[in-house]
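Written out below as structure tokens is the structure these notes cover.
The values are calculated or read from the model by the stated rules, or taken from the named source; none is laboratory data. Remember, it's a predicted structure, so these values are computed and weren't measured experimentally. Every residue, glycine as well, gets a Cβ built from its backbone with ideal geometry; the counts of neighbours run over all protein chains shown. The area values use the complete protein model at the heavy-atom level, side chains included, leaving out ligands, DNA and RNA. Shrake-Rupley method; radii C 1.70, N 1.55, O 1.52, S 1.80 Å.
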Amino acid sequence: MKTTRKYPLFYMLALLGLLPVASPGAFAQTSTTTTSTATTSTATIGSTTPGPLPPQDGNADADDNYNPPPCDFTDAFYGANGIDVTQLDQAAAGRFGFFRLNGPPATGNQVNWVNDSTCSTKDPTRKNVRILATTGGYVDNGTGAPTDFISIIAFVLNQNFFTGVANARNIQMVDIVSHFEAYAANKQRLPNGQFALTPCGTMGTGAMPCFPVTSVATPALRQDWRFATNRNALDGSDGNSPPASNSPFGYFCDDLLGMWVITYFWYTVDPANPGPVCGPILSSLAKKNGLSLDGTPIIKTANELNNDLEANGCGAEGQEAVNGADGGAVWLICPALPDPRAGAIAKDAFLDQVLKPNGAPLDPAITANFKCLQTKGDFPQANGTCS
């Protein structure tokens, strides 16, 4: 469990050369409309106040498309960063380029990835497999902004995926990734309508019914993800300090594979009968953020999870056993886009987000941000228009 993170690291990325820089419930929901916190020339991933984009003329040349879209990493780069490729290339890991061409997150005629010879040309650490499936979520900096976009390349199912080989700085990836959490909200409402209060497996209490945690595919989620992309070492927001470990680390400068440890979080009260303590809390959060597919409030920030829910006995969180006993993903190889503007979201990419039963997005702001980034290379303006 981490505390709220507040500071962007866009400036740090530029300095390090990691960014290409060119000059049914017991409470009522009063509103489900979510607006984007991002504005043209004033928003990038993890921030609401970064610097402006360079001038663009809209003719699709270098000044309009200088951020490359996401691609998989080479086998050599995985090996150099402590990942066993023979484990990664198993069907259960679902590595893009080998598996999951179709199926979640892709639907219908969509494909999750394509072969693209330009990937390795733009970045020699990348394999010629370009990722089209673009998962949206909330940045973990306290704002709840729906500005994070990531690529779920593969699932790391147990500790055997790590080789124990240290990187060039003599740090093991298993130590780095433990500091960066991706918050998964699996559905607690079971097919028979029951609301399960505990996960199945090692994270749970053993009570029945329990809800499954063997998949984090979008159809298994009640709300969209939250990602700790904003945690970085320079401002201390990663919350780690020596000598407890060889941290502090920054997501974009140390976590070179864009890996996450999955933190599953859930409600420990039934929204139909939340009780005198949790009832008002859930009601307030529902009015603020809207409702998930389970009829529980959407959670967008660390403060809401840690201080509103967990501190009052209304929610809990946990991580799966590292030996793989729970049968689901313990970690993800799922790099976030450092800056989703100016070409990073390609024209043939598609958005992966939680949808309502009628097919409408649970959070329209994620949709609006993605569409504007894809068509115009920037976030929507403050008034919601995309130009």
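Between Ser178, Gln188, Ile153, whose Cα lies farthest towards the positive end of the dipole of the range 91-207 when Lys and Arg beta carbons carry +1 and Asp and Glu beta carbons carry -1, centred on the Cα centre?
Result: Ile153, furthest along the dipole toward the positive end.
Could I have the simple spin-label model distance between Lys347 and Val85, label points 7 Å from Cα toward Cβ, reported in nm to one decimal?
About 3.3 nm separates the two model spin labels.
Give the distance, in whole Å, between the Cα centre of the range 359-377 and the Cα centre of the range 91-164.
19
For the range 248-359, what number results from the quotient of the Cα radius of gyration and 2.2 N^0.38 Å? Intermediate values should be presented prior to the final figure.
Values: Rg = 17.5 Å, N = 112, 2.2 N^0.38 = 13.2 Å.
Rg over 2.2 N^0.38 Å, computed on Cα atoms: 1.32.
Can you put Arg189, Arg222 in order of accessible area, largest first, using a 1.4 Å probe?
Putting Arg189, Arg222 in descending order of accessible area: Arg189, Arg222.
Cβ under 10 Å from Met203's Cβ, Met203 left aside: what net charge do those residues give with Lys, Arg +1 and Asp, Glu -1?
For residues surrounding Met203, the net value is -3.
What does the extension gain come out to for Lys287 and Ala76, with contour length at 0.36 nm per residue minus their alpha carbon separation?
Working: separation 211, 0.36 × 211 = 75.96 nm, distance 4.88 nm.
Additional length available on full extension: 71.1 nm.
I'd like the carbon and sulfur percentage of the solvent accessible area for the range 80-216, probe radius 1.4 Å, heavy atoms only, ligands and nucleic acids excluded. Walk me through the numbers before you get to the answer.
Working: 2970 of 5560 Å².
Roughly 53 percent, rounded to a whole number.
Can you tell me how the range 329-387 classifies by the Cα gyration tensor, rounded, prolate or oblate, using a/c under 1.5 as the rounded cut?
On the way: a/c = 2.07, a/b = 1.16, b/c = 1.78.
Since a/c reaches 1.5 but b/c is at least a/b, the shape of the range 329-387 is classed as oblate.
Given points 7 Å out from each Cα along the Cα-Cβ axis, report the Cys253 to Ala92 separation in nanometres with one decimal.
Computed distance between label sites Cys253 and Ala92 equals 3.7 nm.
Quick one: pull the percent of accessible area on the range 273-355 belonging to carbon and sulfur, 1.4 Å probe, ligands and nucleic acids left out.
It is 51 percent, rounded to a whole number.
May I ask you to compute the full-extension gain from Asn192 to Gln159, defined as 0.36 nm times their residue separation minus their alpha-carbon distance, rounded to one decimal in nm? Could you put the intermediate results ahead of the total?
Values: separation 33, 0.36 × 33 = 11.88 nm, distance 3.46 nm.
This chain segment gains 8.4 nm when fully extended.
Take Met259, Met203 and sort them by solvent-accessible surface of the protein heavy atoms, 1.4 Å probe, largest at the top.
Result, largest first: Met203, Met259.
Working with all protein chains in place, sort Leu256, Leu88 by solvent-accessible area computed with a 1.4 Å probe, largest first.
Leu256, Leu88
To the nearest 10 Å², what's Cys386's accessible area with a 1.4 Å probe?
50
Which residues in the range 303-346 have a backbone N closer than 19 Å to a point placed 7 Å from the Cα of Thr118 along the Cα-to-Cβ line?
Output list for this probe position: 337-346.
Is the C-alpha gyration tensor of the range 117-166 telling us rounded, prolate or oblate? Criteria: a/c under 1.5 is rounded; beyond that, a/b larger than b/c is prolate, otherwise oblate.
Oblate, because a/c is 1.5 or more while a/b does not exceed b/c.
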